[in-house]
Amino acid sequence: MIAPAATVVLEAQNLIKDYGASRVVHGVSLQLFRGETLGLVGESGSGKSTVARMLLRLIEPTSGSLTFYPSESSASLNLLQLPSRDMRRLRRKLAIVFQDPYAALNPRMTVRQILSEPFAIHRENPQQGVDARLAELLAEVGLDSSALIRYPHEFSGGQRQRINIARAIALRPEVLVLDEPVSALDVSVGAQVINLIRDLQRRYGLTCLFISHSMPLVRYLCDRVAVMQHGRIVETGSWQQVCENPVEAYTQQLLAATPEMAVSLK
Ligand SMILES: Nc1ncnc2c1ncn2[C@@H]1O[C@H](COP(=O)(O)OP(=O)(O)O)[C@@H](O)[C@H]1O
Ligand SMILES: [Mg+2]
C-alpha cells in the first residue's frame, strides 16, 4: 500500500519582518504538515517568536506569503490577503500558548470566564452545555473542575500554563503553536507540562509548532526540526538529519543546552 502524501496545513514563504531599519526575520519559509509537531529551535533573539506571531498573523509580516489549508475545504486561504473579519473567524483554527503563564491570564477573570471566552467570541454552544464542556477541558489538562470559580493568582505557574493550554484547545484548533511553553517553569513542573502536551498530541493528533531553545525537549516532542539563527532557518530535517549535519557549531551548542529536563520526562 502506498502511504498517502502528507498534507500541508500551513505554509509560509519568504516571510520577512523589519522593525524600522533593522530586519529581524530574513525570509523564512516553512511547511507544517497535518498531525506533525515541528520544532523551531534557536538561541534567544534568533526570531522564533516573531515567526510564530507572523504565522498566526498576530503581527503583520513586512512581506512574504502565508497559506492555510483548512481540513474541511479543498480551497486554500491566503492569510495575508484575508479581510480582518474573516481572519477573526479563522482564529479559532490557529491557537497559541505563550511563554509567560502569568501575563497570559487576566487576573480579574475567573477560570470559568477565561475558558468561556473562546466559546462566546465564536458563538459556539457546546452540545453538553458550557459548564460540562469546561469541566471536560480542565480534566483534559489535568485540573479539577473546582478550578472554575477560582482566579489565576490562586494557581501555580504550571497550573496556569495548563489553563492557557485548555483555553488554546477549547475550540479544537487545527494548529497549535507553543512558544517556549515551559521556559518560565521549574524543571520538574515543566516536564509535567511537556508530558501533558505529548498526551494531547497523541490523543488529538494535533498539528503543533513547538518553539524552544532546548534540543532535548524538541527531540522528545517533535517529528521534525527547523533550526533558526539570526532571523533565518539554517537547517530543517528529522532530528537525526539535523544532528548528523549540524550547521557550524551552532546546533551542537543548542544540543548542549538544558539537558536536565530530559531526565524528568516519562
Ligand atoms: N517589536 C519589536 N521591535 C523591535 N525589535 C523587535 C521587536 N520584537 C522583536 N524584536 C527583535 O527581533 C529579534 C528577534 O526577537 P524574537 O522573535 O523575540 O526572538 P526569539 O523568540 O527567538 O528569542 C530580537 O533581536 C528582538 O530584539
Ligand atoms: Mg521568543
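Any read-out appearing in this document is the output of simple, stated calculations on the displayed coordinates, not a laboratory observation. Note that the coordinates shown come from a computational prediction; the quantities given were computed from them, not determined experimentally. Methodologically, a virtual Cβ is constructed for each residue, glycine included, from the backbone with ideal geometry; neighbour enumeration extends over all protein chains shown.
Any residue at all in segment 43-63 that is buried (at least 16 other Cβ atoms within 10 Å of the Cβ), aliphatic (A, V, I, L, M) and closer than 21 Å to Arg219 by Cα? Taking every residue of segment 43-63 in turn, at least one turns out to be buried (at least 16 other Cβ atoms within 10 Å of the Cβ), aliphatic (A, V, I, L, M) and closer than 21 Å to Arg219 by Cα.
A quick yes/no check of all residues on (1) buried (at least 16 other Cβ atoms within 10 Å of the Cβ); (2) in contact with a strand residue (DSSP E or B) (Cβ under 7 Å, 6 or more places away or on another chain); (3) of a type in the set (Ser, Thr, Tyr):
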site	(1), (2), (3)
Arg85	no, no, no
Arg88	no, no, no
Arg92	yes, no, no
Ile96	yes, yes, no
Ala103	no, no, no
Val111	yes, no, no
Phe119	yes, no, no
Arg123	no, no, no
Asp131	no, no, no
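The condition of being away from ligand 2 (no atom under 16 Å from the Cβ), of a type in the set (D, E, K, R) and in contact (Cβ under 8 Å) with a residue 40 or more places away in the chain holds for only one of Lys48, Lys93, that being Lys93. Restricting attention to segment 53-81, the residues that are within 17 Å of Phe33 (Cβ to Cβ) and within 16 Å of ligand 2 (Cβ to nearest atom) total 1.
Please state which one of Gly42, Gly129 is among the small types (Gly, Ala, Ser) and in contact with a Lys or Arg (Cβ under 6 Å, 6 or more places away or on another chain). Lay out the reasoning, then the answer.
Working: Gly129 fails: in contact with a Lys or Arg (Cβ under 6 Å, 6 or more places away or on another chain).
The unique qualifying residue is Gly42.
If you go through segment 1-42 and keep only what is of a type in the set (Lys, Arg) and crowded, with 18+ Cβ neighbours inside 10 Å, you end up with just Lys17.
Look at segment 105-135 and say how many of its residues are of a type in the set (Lys, Arg) and under 23 Å from the mean Cα position of the chain (by Cα). The qualifying residues number 2.
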